[in-house]
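**Student:** There's a structure below that I have some questions on.
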Amino acid sequence: MKIRWQSAPGDDESRSSRQARAAERRALKELAAVYRAVDALLAPFTCDRSAACCQLQRPRREPFLFSIELVRLRDGLERAGRPFPAERADGGCRLLDKSGMRCSVYGDRPFGCRTFFCEKGRGPRSMPNLEINRLSARLTRLSDGLALSVSPRQLSELLAEAANGEGEHR
């Protein structure tokens, strides 16, 4: 999937392209910082690793994905020499491994997946929702500050477009 950056009218294309790549690199660094912060925040909480929350057809709810997160997923899959995964017959997230029990892109999984807990999760206290909301707002500001042509959408929707080679959004 190609995420296209929107150029301002009259911009020199090569300069615009270089600026877009530099902005993407900065955004990916900031995204990594957001991921580290949310991972640290949720470290005391457990997951039973049942992949119940990754069965997107069963709960009929799913996380949203920001376009910069799709760029990170694309880059991670490209580094691994893998295409975007095809739709699963069981209705699970496309990013699950063949067993349907593990995320195949765990280190690159989106913010929504990192914070998408089922009722089986446990922790020393209630979920730190205020802190999660602050990090979510930081991610929103990061995405809003970019000229990406894709707004946040449901995970399955964007992954389907990526797997089908679509996604040249304007």
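The values are calculated or read from the model by the stated rules, or taken from the named source; none is laboratory data. What you see is a predicted model, and the numbers here were worked out from it, not measured in a lab. Ideal geometry is used to build each Cβ from the backbone, glycine not excepted, and the neighbour counts take in all protein chains shown.
**Student:** Restricting to the range 88-110, give me the number of residues that are more than 17 Å from the chain's Cα centre (by Cα) and touching a residue at least 40 places away in the same chain (Cβ under 8 Å). Outline the logic, then answer.
**Tutor:** Within the range 88-110, the first condition is being more than 17 Å from the chain's Cα centre (by Cα), and the residues that meet it are 88-91, 98-101.
Now narrow it down to the ones that are touching a residue at least 40 places away in the same chain (Cβ under 8 Å): 100-101.
Total satisfying the criteria: 2.
**Student:** Go through the range 56-86 and give me each residue that's buried (at least 19 other Cβ atoms within 10 Å of the Cβ) and more than 14 Å from the chain's Cα centre (by Cα). Steps first, please.
**Tutor:** The initial filter retains those residues of the range 56-86 that are buried (at least 19 other Cβ atoms within 10 Å of the Cβ), namely 56, 62-63, 65-73, 77, 84.
Residue satisfying the conditions is Leu56 alone.
**Student:** Also, I was wondering about something else. Could you list all residues from the range 39-55 that are closer than 26 Å to Leu28 by Cα and surrounded by fewer than 16 Cβ atoms within 10 Å (Cβ to Cβ)?
**Tutor:** Asp39, Ala40, Ala43, Pro44, Phe45
**Student:** Modelled with pLDDT under 85 and buried (at least 18 other Cβ atoms within 10 Å of the Cβ): which single residue out of Ala147, Ala162 fits that description?
**Tutor:** Ala162
**Student:** Next question, about the same structure. So for the range 55-68 (the condition being in a helix (DSSP H, G or I) and of a type in the set (A, V, I, L, M)), does at least one residue qualify?
**Tutor:** Looking for residues that are in a helix (DSSP H, G or I) and of a type in the set (A, V, I, L, M), one finds at least one in the range 55-68, hence yes.
**Student:** Cβ-Cβ distance below 8 Å, separation of 6 or more or different chains: which pairs start in the range 150-165 with a residue that is assigned to a helix (DSSP H, G or I) and end on one that is modelled with pLDDT of 80 or more and surrounded by fewer than 16 Cβ atoms within 10 Å (Cβ to Cβ)?
**Tutor:** Ala160/Glu87; Ala163/Pro83; Ala163/Ala86; Ala163/Glu87
Each row is one residue, and each column tells you yes or no for (1) more than 27 Å from Leu130 (Cβ to Cβ); (2) touching a residue at least 12 places away in the same chain (Cβ under 8 Å); (3) in a helix (DSSP H, G or I).
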position: Ala22; (1), (2), (3): yes, no, yes
position: Arg25; (1), (2), (3): yes, no, yes
position: Glu30; (1), (2), (3): no, yes, yes
position: Ala37; (1), (2), (3): no, yes, yes
position: Ala40; (1), (2), (3): no, no, yes
position: Cys53; (1), (2), (3): no, yes, yes
position: Leu73; (1), (2), (3): yes, yes, yes
position: Gly76; (1), (2), (3): yes, yes, yes
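**Student:** Go through the range 104-122 and give me each residue that's of a type outside the set (S, T, N, Q), surrounded by 14 or more Cβ atoms within 10 Å (Cβ to Cβ) and not in a helix (DSSP H, G or I).
**Tutor:** The answer is Val105, Arg109, Pro110, Phe116, Phe117, Cys118, Gly121.
**Student:** Turning to a different aspect of this structure: For the range 20-29: of the residues being of a type in the set (D, E, K, R) and more than 16 Å from Gly76 (Cα to Cα), which is farthest from the chain's Cα centre (by Cα)?
**Tutor:** Across the range 20-29, the extreme among qualifying residues is Arg21.
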